[in-house]
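Enquirer: My questions will all concern the structure given below.
The values are calculated or read from the model by the stated rules, or taken from the named source; none is laboratory data. No experiment lies behind these values; they were computed from the predicted model shown. Here Cβ is always computed from backbone atoms with ideal geometry, including for glycine, and neighbour counts include all displayed protein chains.
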Amino acid sequence: MKKFVIMLAIVSLLLASSIVKAGYNEEKIKEAQTPKKQSEFLIDLTDNTEKYKGQTITLPLFVSSIPLFADGKHQKGDSLREWVGSDVDFWNGNFKIRISIPKSLSVPNAAHADFLIVTFVCEKGHLKSGNRAISIKRP
C-alpha cells in the first residue's frame, strides 16, 4: 500500500510537469505545469486528440499491455525491449494510448505496469494509432 501511495504521488507530480512542447514559450510552460492546467490538458488530449497532430508530447505512463497469446503467454517476452519495432499500449490512469516503438530507440528493461516517462510524436491525431516514441525512460 505504501508503494502505491508513493507511486501515486510521483505520478501526480509528473503529470503536473508534462507538457506539449510544440509552440510553448517559458511563460506558457509554467502555466501549463499547474495541476489545474495539467488536468485540462489531459482532458483536452483525450477529447480532442486530432488537434495534437504533429506535436511532441511527454507524459508519465504505465506499460499497460504487452500482447499475449490466447494461452496467457507473452508472444515475445516480458520486457519492453523485446517489443522494440512494435506497438505497445500505455496507460496514465485516464486513458490508454498505443505508441509505436522504433527499432532504433533504446528503451529500459521495463515490463507490464512499470512506470515510465514517454515522449512521443502524435503523428495522426489519434490515441490508438500513429504515435511514435522518441524517448522512453524511467523517472
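Enquirer: What is the residue count in segment 93-126 for residues that are in a strand (DSSP E or B) and not aromatic (Phe, Trp, Tyr)?
Expert: We begin by selecting, within segment 93-126, every residue in a strand (DSSP E or B); these are 96-100, 115-122.
Then keep just the ones that are not aromatic (Phe, Trp, Tyr); that gives 96-100, 116-119, 121-122.
Of the residues in segment 93-126, 11 are in a strand (DSSP E or B) and not aromatic (Phe, Trp, Tyr).
To keep it simple, each residue is scored yes or no on (1) within 14 Å of residue 136 (Cβ to Cβ); (2) modelled with pLDDT under 90; (3) not acidic (Asp, Glu).
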residue: 42; (1), (2), (3): no, yes, yes
residue: 62; (1), (2), (3): yes, no, yes
residue: 82; (1), (2), (3): yes, yes, no
residue: 101; (1), (2), (3): yes, no, yes
residue: 107; (1), (2), (3): yes, no, yes
residue: 116; (1), (2), (3): yes, no, yes
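Enquirer: Within segment 82-92, can one find any residue that is hydroxyl-bearing (Ser, Thr, Tyr) and assigned to a loop (DSSP other than H, G, I, E, B)? Talk me through it step by step, then tell me what you get.
Expert: Of the residues in segment 82-92, the ones hydroxyl-bearing (Ser, Thr, Tyr) are 86.
After this cut, where a residue has to be assigned to a loop (DSSP other than H, G, I, E, B) as well, the list is 86.
Yes, there is a match, as at least one residue in segment 82-92 is hydroxyl-bearing (Ser, Thr, Tyr) and assigned to a loop (DSSP other than H, G, I, E, B).
Enquirer: How many residues does segment 98-114 contain that are surrounded by 17 or more Cβ atoms within 10 Å (Cβ to Cβ) and either touching a residue at least 40 places away in the same chain (Cβ under 8 Å) or farther than 20 Å from residue 128 by Cα (or both)? I'd like the intermediate steps shown before the answer.
Expert: Keep residues of segment 98-114 that are surrounded by 17 or more Cβ atoms within 10 Å (Cβ to Cβ), which gives 99-101, 107, 110.
When the remaining residues are screened for being either touching a residue at least 40 places away in the same chain (Cβ under 8 Å) or farther than 20 Å from residue 128 by Cα (or both), the result is 107, 110.
Here the count works out to 2.
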